[in-house]
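A short worksheet on the structure shown next.
Nothing in this text is a laboratory measurement; each read-out follows from the coordinates by a stated rule. Small disclaimer: the values here were computed from a predicted structure and weren't measured. Ideal geometry is used to build each Cβ from the backbone, glycine not excepted, and the neighbour counts take in all protein chains shown.
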Amino acid sequence: MNVGQRMKVYMVEKMISCDKAGYLVSKSKETKLNCREKIGLRIHLVTCLVCRQYASQINDLQHMVYRYKNQYTDGTVVHMLTDETRTSMKETVEKEMTGK
């Protein structure tokens, strides 16, 4: 077996799964990955289109949330629910929790 073949076998054996890659993509948004995690994720993303698309969607979602949060830097609190809806939801939750 030549060096290229050995390297290919090593890469396949050491490559992380899609589940692990998804976990690392999400984890990377909240904390820094260690060196082994970064390398494993990068190698996986180079070879897996589905996980690359997932990582792209997570990045897009993060940017949307960031832009939304920064729209209201003047301290304005924006409530999407009316007071009536909020009260109704609270009453429903309390009824479910108490069983009444």
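Listed values, structure above:
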{"item": "Disulfide-incompatible cysteines by the Cβ rule (no partner under 4.7 Å) in the chain", "result": "Cys18, Cys35"}
{"item": "Proxy reagent accessibility, fewest Cβ within 10 Å first, across Lys20, Lys69", "result": "Lys69, Lys20"}
{"item": "Contour excess over end-to-end distance, with Cα ends at Asp83 and Tyr23 and 0.36 nm allotted per residue", "result": "17.8 nm"}
{"item": "Cross-link table Lys38/Lys69; Lys8/Lys32; Lys8/Lys38, entries beyond 21 Å C-alpha to C-alpha", "result": "Lys38/Lys69; Lys8/Lys32"}
{"item": "Check: the chain dipole with +1 on Lys, Arg Cβ and -1 on Asp, Glu Cβ, in debye", "result": "760"}
{"item": "Computed E for Lys69/Glu30 - FRET, C-beta separation, R0 25 angstrom, nearest 0.05", "result": "0.95"}
{"item": "Phi to ³J(HN,Hα) by Karplus 6.51 cos²θ - 1.76 cosθ + 1.60 over segment 32-39, Hz, x for Gly, Pro", "result": "7, 7, 6, 4, 5, 5, 4, 5"}
{"item": "HN-Hα J in Hz across segment 22-30 - Karplus 6.51, -1.76, 1.60, θ = phi - 60°, x for Gly and Pro", "result": "x, 4, 5, 4, 5, 4, 5, 7, 10"}
{"item": "Read-out percent of Cα pairs over 18 Å apart, derived from the coordinates shown; its label in [x] 56; [y] 52; [z] 67", "result": "[z]"}
